[in-house]
Amino acid sequence: MAERTLIIIKPDGIQRHLAGEIIGRFEKKGFKLVAAKFIQISEDLARRHYAVHRGKGFFEGVVKYLSSAPLLVMVWEAEGIIDMSRKMMGATFGYDAEPGTIRGDFSSSRGYNLIHGSDSPQSAEREIELFFKPDEIIDYELADACWLYGKND
Ligand code: UDP
Ligand code: MG
């Protein structure tokens, strides 16, 4: 199985009608969607999701932000997806993310930055388990996998 990552289109991404734009970028890159849920999460789940940031000045704020309105949580799969998706997201704050990235193109904010993506295989495993039961993640083949992931060696 190829690498998996947890991607969240955060509440501002939904409210600003950017879900299709963000999903479209991942689809066109050739990533495979293997799970998705449109939900509003509790503060408790937001706290568990951002547990590594507990105690930091922005922690309570980011917990409120994430639980304030519905979001779209997804698992995407591809070899090397964690690095690739983090590059596509851009730097944490919209105002210093590079143009061409999701945050760079659509966010000018400090804390409201449209998207979450796991930052390591360990984080991905922990975060995916928080949001999905194993049977909610679908294992299937993309019909064009040979074209998407072709190699010359
Ligand atoms: N965040 C914030 N203020 C900060 C740092 C982070 O509001 O000073 C929020 C922001 O929404 C960010 C999330 O907390 O996406 C998690 O921070 P992290 O450093 O993990 O950034 P990311 O991995 O999302 O780039
Ligand atoms: Mg992070």
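Considering only the stretch 95-112, how many residues are under 24 Å from Arg48 (Cα atoms) and either more than 11 Å from ligand 1 (Cβ to nearest atom) or out of contact with any Asp or Glu (no Cβ under 8 Å at 6 or more places or on another chain) (or both)?
Total meeting the criteria: 3.
Take the stretch 27-38 and flag every residue that is surrounded by 13 or more Cβ atoms within 10 Å (Cβ to Cβ), outside any helix (DSSP H, G or I) and without any contact (Cβ under 8 Å) to a residue 60 or more places away in the chain.
Within the stretch 27-38, Phe31, Leu33, Ala36 qualify.
Among all residue pairs at least 6 apart or on different chains, which show Cβ distances below 6 Å where the first residue, located in the stretch 44-69, is under 18 Å from Arg110 (Cα atoms) and the second is within 15 Å of ligand 2 (Cβ to nearest atom) and part of a loop (DSSP other than H, G, I, E, B)?
Cβ pairs passing all conditions: Val62/Tyr50.
Which residues, taken from the stretch 73-99, are farther than 18 Å from Leu33 by Cβ and of a type outside the set (Ser, Thr, Tyr)?
Asp83, Lys87, Gly90, Ala91, Phe93, Gly94, Asp96, Ala97, Glu98, Pro99, listed by residue number.
Results for (1) assigned to a helix (DSSP H, G or I); (2) out of contact with any Phe, Trp or Tyr (no Cβ under 7 Å at 6 or more places or on another chain); (3) within 16 Å of ligand 1 (Cβ to nearest atom), shown as yes or no for each residue.
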| residue | (1), (2), (3) |
| --- | --- |
| His116 | no, yes, yes |
| Asp119 | no, yes, yes |
| Ser123 | yes, yes, yes |
| Arg126 | yes, yes, yes |
| Leu130 | yes, yes, yes |
| Asp135 | yes, yes, no |
| Asp139 | no, yes, no |
| Leu142 | no, yes, no |
| Asn152 | no, yes, no |
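Values in this text are rule-based calculations from the coordinates and carry no lab data. Predicted model only: the values in this text are computed from it and were never measured. Cβ sites come from the backbone with ideal geometry, for glycine too, and all protein chains shown count toward neighbours.
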